[in-house]
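Worksheet: one structure, shown below.
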Amino acid sequence: MKKIWNLETKNLIQQRVELYGFVDNIRDHGKIVFIDLRDRSGIVQCVVDQNNNFFSLVKNLKPASVLKIIGKVQPRPAHLENPRLETGKIEVAIEEIEPLASAKDLPFEVTTDGYEINEALRLRYRYLDLRRPRLQKNLRRRHEFLLFLRNFLDALGFLEIETPILTKSTPEGARDFLVPSRLYPGKFYALPQSPQQYKQLLMVAGLERYFQIARCFRDEDPRADRQPEFTQLDIEMSYVEREDILNLVEKMLVEAIQNLYPQKKITKIPFPRISYEEAIRLYGSDKPDLREDPENKDELSFCFIVDFPMFEWKDPEKRWDTFHHPFTQPKLPDDSKDKDEIIKVLESNPQILLSEQYDLVLNGYEIGGGSLRTTDPDILIKVFEVLGHKREEVYQKFGHLIEAFSYGVPPHGGIAPGIDRILMILENEISIREVIAFPKTGEARDLMMDSPSEVNEKELKELGIEIKGRDLKNKKDEK
Ligand code: ASP
């Protein structure tokens, strides 16, 4: 590969270089033309004068066209240096130029920060929007952050293990995205709301320390800052206490921030551990914003909320739901985990139970949650019964887990910090869409791919699916 990054030119004075990139800007001064060539690393000024036989070709170039340039790096005369450009002390005298692709006029400016442009238009042309230096920076930071997490966990003996996308429903409190099965008409896969059951089964399998940069899918009602798919750093560990998990996450985030965001100030280390009851009493919220100066954009205030109630009453539906998910270990208000007593309370008085759930909160956002898990099948089944499932139904839906737990299950627990939201906060962005390469709109649409979209009759037929109320549906699409 002969390509060098544009920014490398600044150290290559008097050398011949081969550059590739987009025309960022072109300035025609009559007898001399300047091209600002932009690649992922930045901009370098290239220059050509009228004595060159390709002068007219250069004069006709349009912004955004793609070029190969061979030229010599030369210092600029002192009074023409540009201190705002990293390569501002040099320029490249073009010796050969080859247009690789022409470009139509872009639908919007890609050199500004982009906040001024209608977001729907930006998302419609996301591949152009992503040329914007701000978004390139966000994607690079996301990569660096994830790479840091991977290396951090790898050094502690964690294995990164992929789990299926085509799976079976796992209750995380949201609706599932369903995928019809062609081979088994009338049957469906579900996209994972999280890899929860798989990661627990990996503990049964004896893997002990697992992580995954996992995509999670939840079919919830649209909200401005919600995505139907999002990314979690999914973690599970065997033979741990709650503090082992909280300390791990704390150390990982502190080190990541110190390395990648040294300008940020973390309000308090260790992160405060606050009980749910105390958080509600003191702050009126289970995701308190504990920043000392909320105006300071570089302050990061983490805390863990612990000792959540196990259940909450859903009034409209008149039923109990879990605060976290059914796999979380319940405990008695005095912290005891006496099995007989817990079963008794589950049957008679479930609202008094607390749980081993913990949430990670940053600047008033819940950015992750986790728990120690129930490994006792009797308690797990009882929890499902409190949630309104019949015993047979529990076996039908979760029989694999209950069976797995009967073959020797290490005590285990985990957590799943949400990557999109953490990065949004670290990058001082206004929305998680700004740190995701190809996000959907707040209404869960992909405006670039035009998805969701209809599929043809043949495909539906193969799946044994018939769309009812087509007229109604078409009307909704026209909106
Ligand atoms: N699966 C949980 C969630 O997505 C996280 C966990 O319990 O580890 O919130």
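If you go through region 283-330 and keep only what is polar (S, T, N, Q), part of a strand (DSSP E or B) and closer than 26 Å to K251 by Cα, you end up with just T328. Are any of the residues in region 157-179 in contact with a strand residue (DSSP E or B) (Cβ under 7 Å, 6 or more places away or on another chain), more than 30 Å from V455 (Cα to Cα) and open to solvent by 70 Å² or more (accessible area, probe 1.4 Å)? The answer is yes, given that some residue of region 157-179 is in contact with a strand residue (DSSP E or B) (Cβ under 7 Å, 6 or more places away or on another chain), more than 30 Å from V455 (Cα to Cα) and open to solvent by 70 Å² or more (accessible area, probe 1.4 Å). Being open to solvent by 10 Å² or more (accessible area, probe 1.4 Å) and either within 14 Å of the ligand (Cβ to nearest atom) or assigned to a loop (DSSP other than H, G, I, E, B) (or both) is the filter here, so list the residues in region 392-415 that pass it. Scanning region 392-415 gives S406, Y407, G408, V409, P410, P411. Remark: pairs (first residue in region 428-440, within 9 Å of D225 (Cα to Cα); second residue in a loop (DSSP other than H, G, I, E, B) and open to solvent by 30 Å² or more (accessible area, probe 1.4 Å); Cβ separation under 9 Å; 6+ apart in sequence or on different chains) = S431/A224; S431/D225; I432/D225; I432/R226; R433/D225; R433/K440.
If you scan region 278-300, which residues turn out to be touching a residue at least 40 places away in the same chain (Cβ under 8 Å) and on the phi > 0 side of the Ramachandran plot? Of everything in region 278-300, nothing turns out to be touching a residue at least 40 places away in the same chain (Cβ under 8 Å) and on the phi > 0 side of the Ramachandran plot.
Given region 182-246, what strands (runs of 3 or more DSSP E) lie entirely inside it while holding 3 or more residues that are within 10 Å of the ligand (Cβ to nearest atom) and under 16 Å from the mean Cα position of the chain (by Cα)? Before the answer, list the steps.
Details: elements: 188-190, 209-217, 229-238.
The strands (runs of 3 or more DSSP E) meeting that bar are 229-238.
With respect to the conditions (1) loosely packed, with under 14 Cβ neighbours inside 10 Å; (2) closer than 18 Å to G370 by Cβ, D234 lacks only one, and its number is (1).
Which members of region 6-47 meet the condition of being among the small types (G, A, S) and surrounded by fewer than 19 Cβ atoms within 10 Å (Cβ to Cβ)?
Kept after step one, since they are among the small types (G, A, S), are these residues of region 6-47: 21, 30, 41-42.
Answer for region 6-47, where residues must be among the small types (G, A, S) and surrounded by fewer than 19 Cβ atoms within 10 Å (Cβ to Cβ): G30, S41.
Scanning region 107-137 for residues that are among the aromatic types (F, W, Y) and closer than 19 Å to R445 by Cβ yields a count of 2.
Check every one of the strands (runs of 3 or more DSSP E) wholly within region 32-103 and list those with 1 or more residues that are over 26 Å from N11 (Cα atoms). Quick ask: steps written out before the conclusion?
Working: elements: 32-39, 42-49, 66-75, 90-101.
Because the criterion is at least 1 residues that are over 26 Å from N11 (Cα atoms), the strands (runs of 3 or more DSSP E) in region 32-103 that meet it are 90-101.
Is region 361-375 home to any residue that is charged (D, E, K, R), over 30 Å from E429 (Cβ atoms) and within 16 Å of the ligand (Cβ to nearest atom)? Looking for residues that are charged (D, E, K, R), over 30 Å from E429 (Cβ atoms) and within 16 Å of the ligand (Cβ to nearest atom), one finds at least one in region 361-375, hence yes.
Does any residue in region 179-193 that is in contact (Cβ under 8 Å) with a residue 12 or more places away in the chain and over 11 Å from K168 (Cα atoms) come within less than 6 Å, Cβ to Cβ, of a residue that is more than 16 Å from the ligand (Cβ to nearest atom) and not in a loop (DSSP other than H, G, I, E, B) six or more places away or on a different chain, and which pairs are these? As it stands, the answer is P180/F188; P180/L463; R182/E462; R182/L463, since those pairs meet every condition given.
The one condition from (1) open to solvent by 80 Å² or more (accessible area, probe 1.4 Å); (2) free of Cβ contacts under 8 Å to residues at least 12 places away in the same chain; (3) closer than 21 Å to A214 by Cβ that M424 does not meet is (1).
The values are calculated or read from the model by the stated rules, or taken from the named source; none is laboratory data. Just so it is clear, the structure is predicted and the values come from calculations on it, not from any experiment. Glycine gets a Cβ as well: all are built from the backbone with ideal geometry, and neighbour counts include every protein chain shown. Protein only, heavy atoms only, side chains kept; ligands, DNA and RNA dropped before computing areas. Shrake-Rupley method; radii C 1.70, N 1.55, O 1.52, S 1.80 Å.
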